[in-house]
Amino acid sequence: MSTENNNLYDNINVGDLPKSTPGWKIVVQEILADKLALFSLIIFTLITCYVFGLTLFLSLRDIVTVDLFAINVAPNDEWRLGTDYGGRDIFGQLIIGTRNSLAIGILVTLLSVGFGIVYGVICGYFGGHIDNAMMRFVDFMIILPFLMIVVVFVTIVPSYDIFTFSLMMAVFLWMGTARLIRSLALQERELDYINASRTMGSSHFKIIFTQLLPNLVGIIIVNGTLSLAANIGIEAGLSFIGFGFPEDYPSLGTLMAYAQNTQTLQHRPWVWMPAAILILILMLCVRNVGEALRRAGDARQRQG
């Protein structure tokens with residue numbers, strides 16, 4: 001019986017064994033299968049390329065310069081999206097504002113998610129007293145009043161740029177990622193491949209960055225994608241209530257803030273509505289792509 005089994009195994013070629021599908025192929029297949037996610041990805045890419053490309057030919061100084069002879073002009077051949085109460089071109093503000101909002105959203109996502117990953121994986125991998133001490137700091141950061149600190153920041157800092165504003169936001173938006181990665185790292189650290197690496201004498205740095213983190217890439221991508229949509233919305237909300245960028249540095253939120261004026265809200269929708277529609281489109285596009293990536297990650301886990 002044993003001889004028959006050995007002969008059976010000898011007849012099996014390694015090339016005949018089923019191979020797992022690479023992660024990137026699963027992502028591509030999932031997006032191609034989801035027409036809404038594919039359409040959203042195309043729309044988001046086109047908007048991003050168009051906005052960042054067109055801003056190379058636009059002058060911020062010309063766009064924010066007040067023109068008293070073109071106040072509250074409705075859309076026409078000269079002003080494609082009309083002007084605001086200062087005679088400033090809404091189309092130019094929309095293009096540069098979209099670029100600024102996207103830049104802030106992407107930069108905040110990179111900073112907050114990047115720091116959250118490192119912080120969370122250290123907590124989860126080492127555990128014990130290190131985990132307890134570091135998570136108490138996370139709890140402290142969570143209870144801080146984010147909006148109140150933003151108000152103080154905007155008040156005491158005379159001028160700030162995209163990086164400074166993004167850094168300020170990222171300081172208070174990394175905790176969710178850290179808690180997510182920590183919970184996953186706590187599970188991964190008990191698996192056989194981590195224990196085997198420890199037994200072989202691999203350093204903690206090597207285990208974390210060459211073995212543990214690569215197995216969390218799917219979750220990290222999904223978390224980063226959904227965080228991008230949230231960060232775009234947060235920036236727009238802060239600018240809308242007056243705690244973002246000033247009017248001479250447009251963003252989608254500053255354009256939306258024009259709607260706080262009753263006359264503008266009711267009688268001049270061309271001033272604020274394009275920005276509102278664009279915010280909705282961008283957030284929905286990112287969300288749809290994020291959902292497709294989440295399903296791809298679930299499929300990858302089921303495949304093992």
| query | Within the set of pairs 6 or more residues apart or between chains, which connect a residue that is touching a residue at least 40 places away in the same chain (Cβ under 8 Å) inside segment 58-82 to a residue that is of a type in the set (A, V, I, L, M, F, W, C) and assigned to a loop (DSSP other than H, G, I, E, B) with Cβ atoms less than 6 Å apart? | reply | 75/81; 82/73; 82/74
| note | Scanning segment 24-65 for residues that are outside any helix (DSSP H, G or I) and hydroxyl-bearing (Ser, Thr, Tyr), the one surrounded by the fewest Cβ atoms within 10 Å (Cβ to Cβ) turns out to be 59
| request: Return only the number of the condition from (1) at pLDDT 85 or above; (2) more than 16 Å from residue 81 (Cβ to Cβ); (3) crowded, with 16+ Cβ neighbours inside 10 Å; (4) not acidic (Asp, Glu) that residue 266 does not satisfy. | output: (3)
| Residues satisfying the stated conditions in segment 169-191, i.e. without any contact (Cβ under 8 Å) to a residue 24 or more places away in the chain and within 14 Å of the chain's Cα centre (by Cα) | none
| query | Which condition breaks for residue 204 when tested against (1) under 30 Å from residue 96 (Cα atoms); (2) in contact (Cβ under 8 Å) with a residue 24 or more places away in the chain? | reply | (1)
| field | Single residue of 185, 133 found to be crowded, with 20+ Cβ neighbours inside 10 Å and either under 30 Å from residue 41 (Cβ atoms) or out of contact with any Asp or Glu (no Cβ under 9 Å at 6 or more places or on another chain) (or both) | value | 185
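The values are calculated or read from the model by the stated rules, or taken from the named source; none is laboratory data. Keep in mind it's a predicted model, so treat the numbers as computed, not measured. As a convention, Cβ positions derive from the backbone with ideal geometry for all residues, glycine included, and neighbour counts pool all protein chains shown.
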